[in-house]
Amino acid sequence: MSKRLEVLEKKRAQIQAQIKDVQAREKKQQRKLDTRRKIIAGGILLKHMEENTHDEVSTKMHSLFQNYVKPKDRHLFDILENEEKKKPANAG
């Protein structure tokens, strides 16, 4: 292999490493933003459920929590327990 080709191959390897590094940083940043969006959206939803326990959104979310949150994780959502305590006695 010629000296010129070796130099170019080395440069290509360096550039590929830089590209991978930038891609990894961008992916990490996108994961952070996605997590932040989920935290904010979840906070809004939980606040709504606390303040509007019997509206359509809260009822639907309660059902979704019951169906999709694993039993071992339900203690993280004390709002579910609070909703059960707040329901009127004649509510089904």
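Please treat every number below as a calculation from the coordinates, not as lab data. Just so you know, these numbers come straight off a predicted model, no measurement behind them. Cβ sites come from the backbone with ideal geometry, for glycine too, and all protein chains shown count toward neighbours.
Other residues with beta-carbon under 13 Å from the beta-carbon of residue 43 carry, at +1 per Lys or Arg and -1 per Asp or Glu, a net charge of +2. In whole percents, the pair-distance distribution calculated for region 3-86 from its alpha-carbon pairs, binned every 5 Å from zero, is 3, 12, 14, 14, 10, 7, 7, 6, 6, 5, 5, 4, 4, 2, 1, 0. Label sites at residue 11 and residue 48, each approximated as a point 7 angstrom past Cα along Cα to Cβ, lie 5.5 nm apart. Go ahead and run the numbers for FRET between residue 30 and residue 60, Cβ-Cβ distance against an R0 of 30 Å, rounding to 0.05. About 0.55, to the nearest 0.05. Sorted ascending by nearby beta carbons within 10 Å, beginning with the fewest, 46, 64 become 64, 46. The 3J(HN,Hα) values that the Karplus relation (6.51, -1.76, 1.60; θ = phi - 60°) gives for region 14-22 are, in residue order, 5, 5, 4, 5, 5, 4, 4, 5, 5 Hz. Gly and Pro appear as x.
The amide H of residue 77, built 1.01 Å from its N in the peptide plane, has no neighbour under 5 Å, considering only residues 5 or more places off or on other chains.
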